[in-house]
Amino acid sequence: MDYTTMNIAELSALLEQGDVTAKALTEQALQKIADTDGRFGAYLTVAQEEAMRQAEAADKMRAAGNAGPLTGIPFAMKDNICTKGVRTTCASKMLENWLPVYDACVTERLKAAGAVMLGKTNMDEFAMGSSSENSALQVTRNPAAPDYVPGGSSGGSAAAVAADECAFAIGSDTGGSIRQPASFCGVVGMKPTYGTVSRYGLVAYASSFDQIGPLTKTVADNAKVLEAISCHDRRDSTSLPQFDTNYSALIGKDLTGMKIGLPQEYFGEGIHPEVAALVRKAADQLASAGAVIEECSLPAVSYALPAYYVLCCAEASSNLARFDGIRYGFRAEGIEDLDQLYRKTRTQGFGKEVRRRILLGNYVLSAGYYDAYYKKAQQARTLLIRAFKELFGKYDLLLTPVAPTPAYKIGEKASDPMEMALGDICTVPVNLGGLPAISVPCGTVTDGSAQLPVGFQLIGPAFSEAKIYQAAAAYEKSVK
């Protein structure tokens, strides 16, 4: 039997019944990676020995009666999340051979749940990009259409799930880096409320935006993974102390009375007409399931993209200053003085996109430009947060596209940073507001012989994950 095509709920049931062991699932998953990942390049590191040790531990947990829904389930981890003794590269030459000496909080949580980590997935370098083409180590291809990008920056995680090379994967989302690759690859991806999943052990890109979340095959699976990784963590100063983590509580309940808004600004210029049509068709499905769908407006969303890139680059320039060639990571050779050490190490160790964002960040924080750019961007962020709050006084959720287009061909936009940035226009408002949002598959667009997946996005107010999962699961059920 091919277990790799099954979702978490199906695998958990088989494990509970004793029809299969975690060891057998892991062996089959590792073989699937060996057989198929040469075509897709989802993994940077396959942790075969570590995975088998964790599988044996999971079988012992189950034998002792300590199993949970993720015990023995094979998964993949994005390569900017620390895993003790397992290479963590951020897809960068700067950290190409770095072995962390500690686990991230999310790694600890999944180990405690008995999940089995198969390896680390490819990404845009330091999570800076939307296509996974900015990886310094390899190219990842979309399993739905291998000539096309899988999205980014969590492209390897989305591709691994879509290619059945794991049952679920963990990604991080700074401006859409879980939701956009989920949409491009046809899987479910959740960006939780900022502060619900600890960032301890996540290599920082932009600390006020970064959030870890799950990519899965189904909505119910996604809720179970988020339940396992959400917690308060005193090691992360932005971790929130109290919130309800029963994210599955409303799955299966009807949508009668739920009000969902369709902000018209998300369906305007630049949105592929077939993408817009599929998202509106999803709205009709939700209406058939009992929801009230209404057109609405969110004018402040026009500030989101420029504000996001100013603030993220500013935070990145500060966060990446630690990579200096002295303490750990890559160090350039042939150095004559300290200034040369910094300059050569960072020029050689960072890729073009990372260098570009560091320079932009330093510029907007510099004397004479701080008020004109950084301060203005923070003000725009505040306006957007207020606009979302006002809209959520009228609606339970908002429904939008995830990305303005389906996946594009590898190399098609690689030389145009502005065109690439515009692909984040539907996702970055959520990160500016610290809000939860999910990407759910809703059909495909035909491009030549390729069938390219498309997802819709459900956005909710802070801590509305359960309601988002309720609506997403109702849609998923309606189209099966």
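Dividing the summed helix terms, -39500 (n - 2.57) for each DSSP H run of n ≥ 4, by the number of residues in the chain produces a 222 nm estimate of -11500 deg cm²/dmol to the nearest 500.
A Cβ-based charge dipole, computed about the Cα centre of the chain with Lys and Arg at +1 and Asp and Glu at -1, lands at about 820 debye.
For the chain, give the share of DSSP beta bridges that are antiparallel, in percent and rounded to the nearest 5; count only bridges with both residues there. Before the final figure, lay out each step's value.
On the way: 32 of 47 bridges.
If we restrict to bridges inside the chain, about 70 percent are antiparallel.
Give the relative contact order (percent, whole number) for the stretch 329-480; include only Cα pairs under 8 Å separated by 6+ residues.
On the way: 139 pairs, mean separation 29.2, N = 152.
After rounding, I find 19 percent.
Per-residue Karplus couplings for the stretch 435-448, computed as 6.51 cos²θ - 1.76 cosθ + 1.60 with θ equal to phi - 60°, are listed in order as 8, x, 7, 10, 10, 10, x, 9, x, 9, 10, 8, 10, x Hz, Gly and Pro entered as x. Applied to the stretch 142-147, the Karplus parametrisation 6.51 cos²θ - 1.76 cosθ + 1.60 on θ = phi - 60° returns per-residue 3J(HN,Hα) values of 6, x, 6, 6, x, 7 Hz, with x for Gly and Pro. For Val402, the residues whose amide H sits under 5 Å from its own are Gly455, Gln457, ignoring neighbours fewer than 5 places away on the same chain, with H placed 1.01 Å from N. Taking every DSSP beta bridge that has both ends in the stretch 3-229, the antiparallel portion is near 65%. Overall shape: oblate for the stretch 349-469, with the ratio a/c of the largest to smallest alpha carbon gyration tensor axis at 1.5 or above and b/c at least equal to a/b.
Sequence-distant contacts, meaning Cα pairs under 8 Å at least 6 residues apart, place the relative contact order of the stretch 3-229 at 21 percent. Between the amide H of Ser198 and those of Cys231, distances stay under 5 Å, these residues lying 5 or more places away or on another chain, with hydrogens modeled in the peptide plane.
Relative contact order of the chain: 17 percent, from C-alpha pairs under 8 Å at least 6 residues apart in sequence.
What the phi angles of the stretch 366-374 give under the Karplus curve with 6.51, -1.76 and 1.60, with θ = phi - 60°, is a coupling list of 6, 4, x, 10, 4, 5, 6, 10, 4 Hz, glycine and proline written as x.
Note down the magnitude of the dipole of the stretch 161-273 about its Cα centre, charges +1 on Lys and Arg C-beta and -1 on Asp and Glu C-beta and zero elsewhere, to the nearest 20 debye. Kindly include the intermediate steps, with their values, before the conclusion.
Details: 9 positive and 12 negative charges, 41 e Å.
So the dipole magnitude of the stretch 161-273 works out to roughly 200 debye.
For Gln211, the residues 5 or more places off, or on other chains, whose built amide H falls under 5 Å of its own are Asp173, Thr174.
Candidate membrane-span-like segments in the chain, meaning DSSP H helices with Cα atoms spread over at least 24 Å of their own axis and a Kyte-Doolittle mean of -1.0 or above, are 22-40, with no membrane implied. Each part gets one Cα centre, and for the stretch 439-465 versus the stretch 215-255 those centres are 20 Å apart.
Any read-out appearing in this document is the output of simple, stated calculations on the displayed coordinates, not a laboratory observation. Note that the structure is a prediction, hence the values are computed from the model and not measured. Every residue, glycine as well, gets a Cβ built from its backbone with ideal geometry; the counts of neighbours run over all protein chains shown.
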